[in-house]
Amino acid sequence: MRTAIATVCLSGTLTEKIEAIAAAQFKGVEIFENDLLSFNGTPADARRMIEDLGLKTITFQPFRDFEGMPEPQRSKVFARAERKFDVMEELGCDLLMICSNVSPDSLGGIERAAADFYELGERAAKRGMRVAFEALSWGRHIHDYRDSWEVVRRANHPSVGLVLDSFHILARGTDLSAIRSIPPEKIFLVQMADAPRLDMDYLSWSRHYRCFPGQGDLPVDDFMLALHATGFDGLLSLEIFNDRFRAGSARSVAIDGHRSLIGMLDELRRRTGSPIADLPDIPSKAVCSGVEFIEFAVDERNAVGFEKTLRGLGFRKAGNHRSKAVTRWQQGDINIVVNADKEGFAHSFNITHGTSVCALALRTTDASATVNRAVTLLDQPFQQPVGPGEMNIPAVRGLGGSLLYFVDRMNGLDRLWDIDFEALELDQGQEAGLTVVDHISQSMHYEEMLTWLLFYTSLLDVQKTPVQTVIDPGGVVQSQAMETKDGSLRLILNASQSQRTLSSRFLNELFGSGVQHIALATSDIFATVARLKENGVELLPIPENYYDDLEVRTDLSADDVERLRSGNILYDREGAGEFFQVYTRTMEGGFFFEIVERREYKGYGAVNAPIRLASQTRLASVDVPPGL
Ligand code: MG
Ligand code: MG
């Protein structure tokens, strides 16, 4: 299949859009008429620019309100089409996309529409052009692809074909089986879009919320299976109307688009077991089995305070890097790397962002295959010089310029602690019963959220869970989790459109997107909290009202509630599952740790998030010493 993208997906001028599309390695582009109308040059100038960048215009669109018009409008519509053919001739494009009529003047009737298309087909053929018909989900008479196909079938003209738009078909929940019997040569264009499940009219849903395949909730993979059954091997183009994309960077959105198509076609190849033309070989999604380490970039001044925090949480210094000012801190199956080196990636990250997470390392089955998959998906691989004999750990660029490393056993990368670090006698710190990393929560700009969702879900074998809306004292935060089936890796993306939420303020303090909190698991929250108190760790205070309410709305005994209250522990229940959470105070820069105990509980305590955010907001207005 030949992949393309419509100019309407991106922000910017036509020139900026075309440059972004070429930079994302597309070969085809759909030109939206409005982009051409606002272009400062002739259609021939646009053609030169498009072709100079190695692109081809595959479609000119949209041509509206065509079929079923009574006279005198009918004659005018045909005259208008001829003018579009003139423009297309100059533009070097041979396909005009026509969407179904929404005009109150239009007349219904498949036969009438077919006759109009036959006549238009005759006119197009004379000029070496073709036309393709799309059923808009809100079309006046035709809003179902089975009807638009019947029009095309009856028009029975070689220059008249069909457009299948996954949004219009999936949004209405139209049965997909009829796609399978459409002759592939009559499908002139396939337009791909996904969308979140929303309960609203089709027009507003389509115009504002479409997204790339994999970013939404529609069954695009089922649509692709039906399409595949036809033997279709033609034009597959992205057509997305999305307010976030219009506000985002054209270059990054174009890359997201291409990434989504590669990921979707790879999925199709795996599901059908048949090759897809033009799709490069690509390793399967990385199966992750947890977090190998979390690396913090610190400077000398803050290292002491930060290490005190780690010690308070029960971490013990377990190793010194052989050639760098880097230490390993350990507890249970958790490794924290503190990088205070004066050179290299972590140092420059620290200069920009202050004390912050500069890298995450995930355990995968095959780290180099993971990076190969990432490169095919247009992610950015990362390399930096390593000392003699030290390990070169495969990595890609992640959120906010941070790194995502991959560590495996297959290539012996899990020996990094022995090879790169000199083990230390564990010091006499007090462990606090922390066992594994439970989840990693990243805050980002609202416009970036779908980008990072796609980044993770296209690369890793993780499932996304429904978006949660969390109320912060300064506004609304959207929160989306992604998890492996066994829960060994849980990532959370947070974003907010309000500048006043904690999530947005974190972005400002950090000068960019990044890890805002890390949750560490314990199997006994009460014992852990007791140990943290002994270690002098101050936890986030939770208001009394919360516990009064807890006593009323749960069947917890007064004693149970008292234990929670005295530990500043938040509580949630999900069926028989129970969840316990506490938070450290926020460090300079906005980062904090969370400690959780799960008892058959799958969520993240979303019900408690407003309480936590309110407490953090209250504390943020007073001075908090760095460290804890
Ligand atoms: Mg469309
Ligand atoms: Mg959390």
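Projecting label points 7 angstrom from Cα along Cα→Cβ for LYS533 and ASP233 puts them 7.2 nm apart. Going by the alpha-carbon gyration tensor, a ≥ b ≥ c the square roots of its eigenvalues, is the stretch 289-384 rounded (a/c under 1.5) or, if a/c is not under 1.5, prolate (a/b greater than b/c) versus oblate? The shape class here is oblate. Once the Cα atoms are used to define both axes, helix 145-155 deviates from the longest principal axis of the chain by about 20 degrees.
At most 13 other Cβ atoms within 10 Å plus a DSSP loop assignment makes a site exposed; report the longest stretch of the chain without any exposed GluC sites (Glu not before Pro). Before the final figure, lay out the partial values.
On the way: sites that count: GLU343, GLU425, GLU600.
Between exposed loop sites, the widest span is 1-342.
Suppose each label sits 7 Å from its Cα in the direction of the beta carbon; what would the GLN430-GLN499 distance come out to in nanometres? For the pair GLN430/GLN499, the computed spacing is 4.5 nm. Near PHE66, the amide H atoms lying under 5 Å from its own belong to ASN101; only residues 5 or more places off or on other chains count, and H is placed 1.01 Å from N.
Given the stretch 105-263, report the % of alpha carbon pairs whose separation exceeds 23 Å. Intermediate values should be presented prior to the final figure.
Details: 5069 of 12561 pairs.
Counting pairs separated by more than 23 Å, the tail of P(r) holds 40 percent.
Rounded to a whole number, what % of the accessible area of the chain do carbon and sulfur atoms account for, probe 1.4 Å?
On the way: 12470 of 25250 Å².
Ligands and nucleic acids excluded, carbon and sulfur reach 49 percent.
Quick check: from the Cα gyration tensor, does the stretch 402-460 come out rounded (a/c under 1.5), prolate or oblate? Oblate. In this structure, the amide hydrogen of LEU189, modeled 1.01 Å from its nitrogen in the peptide plane, lies closer than 5 angstrom to those of LEU162, LEU164, counting only residues at least 5 positions away or on a different chain. Over the stretch 62-158, accessible surface divided per residue gives 42 Å², non-protein components excluded, 1.4 Å probe. Using every pair of distinct Cα positions in the stretch 454-556, the Kirkwood expression returns a hydrodynamic radius of 16.8 angstrom. Averaged over its residues, the stretch 275-409 has an accessible area of 40 Å² per residue, based on protein heavy atoms and a 1.4 Å probe. For VAL298, the accessible surface of its heavy atoms amounts to roughly 10 Å² (probe 1.4 Å, protein chains only, rounded to the nearest 10). Proximity of backbone amide H atoms, modeled 1.01 Å from N, is registered between CYS211 and ASP194, ALA195 at under 5 Å, excluding neighbours fewer than 5 places apart on the same chain. The stretch between ARG123 and LEU203 holds 25.7 nm of extra length on full extension. This uses 0.36 nm per residue minus the Cα-Cα distance. Can you send over the solvent-accessible area of LYS324, 1.4 Å probe, protein chains only, in Å² to the nearest 10? Spelled out: LYS324, probe radius 1.4 Å, area about 60 Å². Placing dummy labels 7 Å off each Cα toward the beta-carbon, the span from GLU89 to ASP549 is 7.0 nm. Remark on the stretch 41-132: ratio of C-alpha radius of gyration to 2.2 N^0.38 Å is 1.17. Between the stretch 43-73 and the stretch 195-258, the alpha-carbon centres lie 21 Å apart. Computed on the chain, with alpha-carbon pairs under 8 angstrom and 6+ residues apart, the relative contact order is 10 percent.
Charge dipole of the stretch 513-593 (Cα centre as origin; +1 on each Lys and Arg Cβ, -1 on each Asp and Glu Cβ, all else neutral): 340 debye, rounded to the nearest 20.
Rounded to whole numbers, the Karplus 3J(HN,Hα) couplings from phi for the stretch 65-80 are 6, 9, 6, x, 7, x, 5, x, 4, 4, 4, 5, 4, 5, 5, 5 Hz, using 6.51 cos²θ - 1.76 cosθ + 1.60 with θ = phi - 60°, and x at Gly and Pro. Converting phi to 3J(HN,Hα) with the Karplus coefficients 6.51, -1.76 and 1.60 and the offset θ = phi - 60°, the stretch 36-42 yields 6, 4, 8, 7, 8, x, 7 Hz in sequence order, with x at every glycine or proline.
Per residue, how big is the convex hull of the chain when only Cα atoms are used? Give it in Å³. Don't jump to the answer; show the numbers that get you there.
Values: hull volume 106.0 nm³, N = 628.
So the per-residue hull volume is 169 Å³.
Using θ = phi - 60° in the Karplus curve 6.51 cos²θ - 1.76 cosθ + 1.60, the 3J(HN,Hα) couplings for the stretch 519-529 round to 9, 10, 9, 10, 9, 8, 4, 5, 5, 4, 4 Hz; x is entered for Gly and Pro. In this view, the solvent-accessible surface of TYR209, computed with a 1.4 Å probe and all protein chains in place, comes to about 100 Å². If R0 is taken as 30 Å, the Cβ-Cβ distance between ASN320 and SER289 corresponds to a FRET efficiency of 0.65.
The values are calculated or read from the model by the stated rules, or taken from the named source; none is laboratory data. This is a predicted model, so every value here is computed, not measured. Methodologically, a virtual Cβ is constructed for each residue, glycine included, from the backbone with ideal geometry; neighbour enumeration extends over all protein chains shown. To get the accessible areas, we keep the full protein, side chains included, count just its heavy atoms, and leave off ligands, DNA and RNA. Shrake-Rupley method; radii C 1.70, N 1.55, O 1.52, S 1.80 Å.
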